[in-house]
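Asks: Sharing a structure below in structure tokens format, with a few things to ask.
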Amino acid sequence: MKTAFFSTQPYDKTYFDRFNHSHQLIYFDAPLSAETAVLAAGCGAVCAFVNDIISEEVLQKLSAGGVKLVVLRCAGYNNVDLMAAARCGIKVARVPAYSPHAVAEHAVALVLGLNRKIHKAYNRVREGNFSLDRLNGFDLFGKTVGVIGTGKIGECFCRIMKGFGCRVLAFDLIANKELEAAGVEYLPLVDLLPQADIVSLHCPLTAQTRHIVDEHTLLLMKKGAMLINTSRGALVDTKAALEALKTGQLGYLGIDVYEQEEHLFFHNRSEEIIQDDVIMRLLGFPNVLVTAHQGFFTEEALTQIARTTLGNLEAFEEGKSLLNEVAAV
Ligand code: NAI
């Protein structure tokens, strides 16, 4: 099927070209937006990523150009107006699971990096500074970890932290029985936050979870606790987190996602004057570690993303049931 591929990165071409044998993929560097939707005219499908905006206006323009399917090469679909898609007669499919281990392990990398100050140690040693002054961390063994959202990624994260010898508390709408059997304790959020030395977010971004970490919930957290977000930027009210870092209420912040990331992430901005003062302030804290949405970025995940996305295109083209469809409820 002729498919307009938006927000293309070099690695997308590598993996999609490796596994694509039957579709005409037209790669565009530009993100999908109201301005660029016209590029998909004449295509049956578009392939989009996490920061492409798939609003009603965009969907109407895609529909006018003949698009019948949006395939998301990601798990989250908070950037799609599903009601509008239904009204426009456009189906939406995603990659529900690729490698939950990839994201969970990246969250653990942020925990370990922040705790043992690997980012600082790396730079120090390269400059011939072998002093250990202020590089001290804490044992993970015996600490309490709070996990918000225990779906595929949250479950992997819980199991890894259990392996470190942590006490793991969880908050989710539905308790995972297997995790409970493994010793994970489910608690209401207000009871979990005051006990956790580390809080890690693994729930999707929805109307209910937007700013689930805000000035109020930050105050419920243990003073000096660590917050990790590898899910979606808007789960955290970044300005509130910044204030909490300034007072020391928040001891560490590790983020792979950022509320305004669509203006920054996935591009080399090193020669530009970055206009986002919030991220620049955050980057100035010694106890903040930011990565640019790379949780999914492993060989296994990229392979699975390409295969599943191409499979979604194929199923639609052949009129088979679209197993990975997401629809408005
Ligand atoms: P999942 O659907 O398997 O699990 C999500 C869990 O969150 C479910 O158990 C659900 O019940 C729970 N949940 C939903 N609403 C909630 C609420 N209001 N309060 C508490 N829990 C709630 O999703 P999966 O695969 O584990 O992914 C989680 C998120 O990770 C995705 O939505 C996406 O935003 C993010 N992600 C980030 C990536 C990265 O590269 N950094 C890559 C892939 C996903």
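The values are calculated or read from the model by the stated rules, or taken from the named source; none is laboratory data. No experiment lies behind these values; they were computed from the predicted model shown. Using ideal geometry, Cβ is built from the backbone for each residue, glycine included, and neighbour counts are taken over all protein chains shown. SASA here: full protein model, heavy atoms, side chains in, ligands and nucleic acids out. Shrake-Rupley method; radii C 1.70, N 1.55, O 1.52, S 1.80 Å.
Asks: For H293, work out the one condition from (1) more than 15 Å from V46 (Cα to Cα); (2) open to solvent by less than 60 Å² (accessible area, probe 1.4 Å); (3) part of a helix (DSSP H, G or I) it doesn't fulfil.
Replies: (3)
Asks: Okay, moving on. Looking at the stretch 306-329, which of the residues that are open to solvent by less than 10 Å² (accessible area, probe 1.4 Å) and within 21 Å of the chain's Cα centre (by Cα) is farthest from M1 (Cα to Cα)?
Replies: Ranking the candidates gives A306 first.
Asks: Looking only at residues that are aliphatic (A, V, I, L, M) and free of Cβ contacts under 8 Å to residues at least 24 places away in the same chain in the stretch 127-152, which one is most open to solvent (accessible area, probe 1.4 Å)?
Replies: Initial filter on the stretch 127-152 (aliphatic (A, V, I, L, M)): 132, 135, 140, 145, 147-148.
This time we only want the ones that are free of Cβ contacts under 8 Å to residues at least 24 places away in the same chain, so: 132, 135.
Working: L132: 135, L135: 29 Å².
That would be L132.
Asks: Sticking with this one: Examine the stretch 191-204 for a residue that is surrounded by fewer than 21 Cβ atoms within 10 Å (Cβ to Cβ) and of a type in the set (A, V, I, L, M, F, W, C), and state whether such a residue exists.
Replies: No.
Asks: Of the conditions (1) within 30 Å of K162 (Cα to Cα); (2) open to solvent by 30 Å² or more (accessible area, probe 1.4 Å); (3) under 22 Å from the mean Cα position of the chain (by Cα), V111 satisfies every one except a single condition; which number is it?
Replies: That leaves (2) as the condition not met.
Asks: Of all residues in the stretch 161-178 being within 22 Å of the chain's Cα centre (by Cα) and open to solvent by less than 20 Å² (accessible area, probe 1.4 Å), which is nearest to the ligand (Cβ to nearest atom)?
Replies: So the residue we want is A170.
Asks: Only one residue in N79, N51, N20 is touching an Asp or Glu at 6+ places or on another chain (Cβ under 6 Å) and either outside the structural domain of G154 (by TED's automatic domain parsing) or buried (at least 20 other Cβ atoms within 10 Å of the Cβ) (or both). Which one?
Replies: On the way: N79 fails: touching an Asp or Glu at 6+ places or on another chain (Cβ under 6 Å); N20 fails: touching an Asp or Glu at 6+ places or on another chain (Cβ under 6 Å).
None of the other options fit; the residue is N51.
Asks: Which one of the conditions (1) closer than 24 Å to E317 by Cβ; (2) small (G, A, S); (3) at pLDDT below 95 does A41 fail to meet, given that it meets all the rest?
Replies: Among (1) closer than 24 Å to E317 by Cβ; (2) small (G, A, S); (3) at pLDDT below 95, the lone unmet condition for A41 is (3).
Asks: So the check is Cβ under 6 Å with 6+ separation or different chains; which pairs have a first residue in the stretch 74-89 that's without any contact (Cβ under 8 Å) to a residue 40 or more places away in the chain and assigned to a loop (DSSP other than H, G, I, E, B) and a second one that's among the charged types (D, E, K, R) and surrounded by fewer than 18 Cβ atoms within 10 Å (Cβ to Cβ)?
Replies: D81/E56
Asks: Under the condition of being within 13 Å of the ligand (Cβ to nearest atom) and open to solvent by less than 30 Å² (accessible area, probe 1.4 Å), which residue from the stretch 82-99 is modelled with the lowest pLDDT? Don't jump to the end; show me each part of the working.
Replies: Pass one, the stretch 82-99, residues within 13 Å of the ligand (Cβ to nearest atom): 94-99.
Next cut, open to solvent by less than 30 Å² (accessible area, probe 1.4 Å) only: 95, 99.
Working: V95: 96, S99: 91.
Looking at residues that are within 13 Å of the ligand (Cβ to nearest atom) and open to solvent by less than 30 Å² (accessible area, probe 1.4 Å), I get S99.
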